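The values are calculated or read from the model by the stated rules, or taken from the named source; none is laboratory data. Quick caveat: nothing in here was measured; it's all calculated off a predicted structure. Because the Cβ atoms are built from the backbone with ideal geometry, glycine has one as well, and the counts that use them run over all protein chains shown. Just so you know, the surface numbers come from the protein's heavy atoms only, side chains and all, with ligands and any DNA or RNA stripped out. Shrake-Rupley method; radii C 1.70, N 1.55, O 1.52, S 1.80 Å.
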Amino acid sequence: MRWASAGRHDEGDGQVLHDVEAVVLVGGQGTRLRPLTLSAPKPMLPTAGVPFLAHLLSRIRAAGVRRVVLGTSYLAETFEKHFGDGAALGLDLTYVVEDEPLGTGGGIRNVAGHLTADDVLVFNGDVLCGTDLRAVVATHRDTQADVTLHLVRVPDPRAYGCVPTDPDGRVLEFLEKTPDPPTDQINAGCYVFRRAVIDAIPAGRAVSVERETFPGLLAAGSRISGHVDDAYWRDMGTPADLVQGSADLVRGIAPSDALPGPTGDALRLAGAEVAADAHVAGGTVVGVDAQVGTGARVVGSMLFDGAVVGAGATIENSVVGAGARVGAGASVVDTVVGDRAVVGEACELRGGMRIWPDVVLPAGGVRFSPDV
Ligand code: GDD
Ligand code: MG
């Protein structure tokens, strides 16, 4: 895959952040996305036609960064197999594997020997975001910070790191997943680190940057700056967010230079077959060789490669895994259907159901839903 340097979201001359390197943390197990993450790490899940990570890498490249180090652990080999040395993307990619997961801080420390720049952009590898990375780096440099955090406001901050700041943008506290957050301002999962701060993280053991490194730096009087904006932002860690993020990419609501083809209301990949009277919309992706039968309705959903949706079936805000089959007249809403699973004719699935790979649900109008 290759994308143009002057893509629709390109951020200028591409030179600006040449003196910055990037680290992307991709070692998590993606537990909340099971069963999809049993066979692929979260950043490799097909999202708007390409692995999610391709979208993030396209943003990094558009900002002018060229060297990217990936901190891998879970299913580590899958990343290099797909992205190689990064040349096709205009990037220089390095892969560093943790034998035992070292956590977010340990993952950053573990790649220190591969970094040469003084300012390092660090990304959680599961965040879809439209922030202006040059502006985040500018805040870091203007405030002479030790670390700068990108911050966004969300309706429910409890699932994230809550980060209050003072009027000068100085971070006051870092409260990871607190039940009673004092502000709706949260850690967006993108940081600028001074190189020396990375070197000071203890090596060779698991470290949480959120629970140990940031609170420790604050206690020691280090300058941690917050860069707040209202850019598009979504953590792709749950099925609902994955589906919504993918649909937002397809509809052009979320920025990326890595989309594989013309988009709009839907994205149809090579070999996809959609019946003329089927309704496919809301940012749906129809994967390679996937099929949508006559009269079917597929809205805001992800049909992975080779998935089959039968005649008159309804799929809403759901994932249908690779090679999975949904029978005629079935209804699949807010559900994950694992790879190769079969949902029998006229079944009704909804409310966060997850069907494991290869499971066969019999036909006959059985209703599987937590609320019945
Ligand atoms: N290399 C490596 N090693 N990476 C890891 C490890 C590890 O042991 N554990 C997690 N990661 C990676 C994940 O792959 C992911 O890209 C990133 O670190 C964050 O992990 P998540 O598991 O997605 O964390 P979260 O979403 O619950 O919370 C984090 O992100 C929020 C924003 O999306 C925290 O940083 C929160 O403070 C933040 O608000
Ligand atoms: Mg996450």
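Screening T178, T148 for residues that are open to solvent by less than 20 Å² (accessible area, probe 1.4 Å) and of a type in the set (S, T, Y) leaves exactly one candidate, T148. Set side by side, the residues T116, T94, T139, T148 differ, and just one is in a strand (DSSP E or B) and over 20 Å from the mean Cα position of the chain (by Cα), which is T148. With the checklist (1) over 19 Å from L149 (Cβ atoms); (2) open to solvent by less than 30 Å² (accessible area, probe 1.4 Å); (3) within 16 Å of ligand 2 (Cβ to nearest atom) in hand, flag the one item D235 doesn't pass. Here D235 meets the rest and fails (1).
Suppose we keep only residues that are open to solvent by less than 20 Å² (accessible area, probe 1.4 Å) and out of contact with any Lys or Arg (no Cβ under 8 Å at 6 or more places or on another chain) within segment 196-209. Which one would you say is nearest to ligand 1 (Cβ to nearest atom)? Residue satisfying both the conditions and the ranking: V209. Among the conditions (1) in contact (Cβ under 8 Å) with a residue 24 or more places away in the chain; (2) in contact with a Leu (Cβ under 6 Å, 6 or more places away or on another chain), R170 misses just one, which is (2).
From the set of residues in segment 151-175 that are assigned to a loop (DSSP other than H, G, I, E, B) and open to solvent by 30 Å² or more (accessible area, probe 1.4 Å), which is nearest to ligand 1 (Cβ to nearest atom)? Can you show your working first?
Residues of segment 151-175 assigned to a loop (DSSP other than H, G, I, E, B): 154-156, 160, 163-164, 166-169, 172-174.
When the remaining residues are screened for being open to solvent by 30 Å² or more (accessible area, probe 1.4 Å), the result is 155-156, 160, 166-168, 172-173.
Details: P155: 14, D156: 12, Y160: 3, D166: 19, P167: 22, D168: 22, L172: 15, E173: 12 Å.
Result: Y160.
Filtered by the rule that a residue be of a type in the set (A, V, I, L, M), assigned to a loop (DSSP other than H, G, I, E, B) and in contact with a strand residue (DSSP E or B) (Cβ under 7 Å, 6 or more places away or on another chain), segment 268-284 gives L269, A272, A275, A278. From the list L33, L25, the lone residue that is among the aliphatic types (A, V, I, L, M) and either open to solvent by 10 Å² or more (accessible area, probe 1.4 Å) or free of Cβ contacts under 8 Å to residues at least 24 places away in the same chain (or both) is L25.
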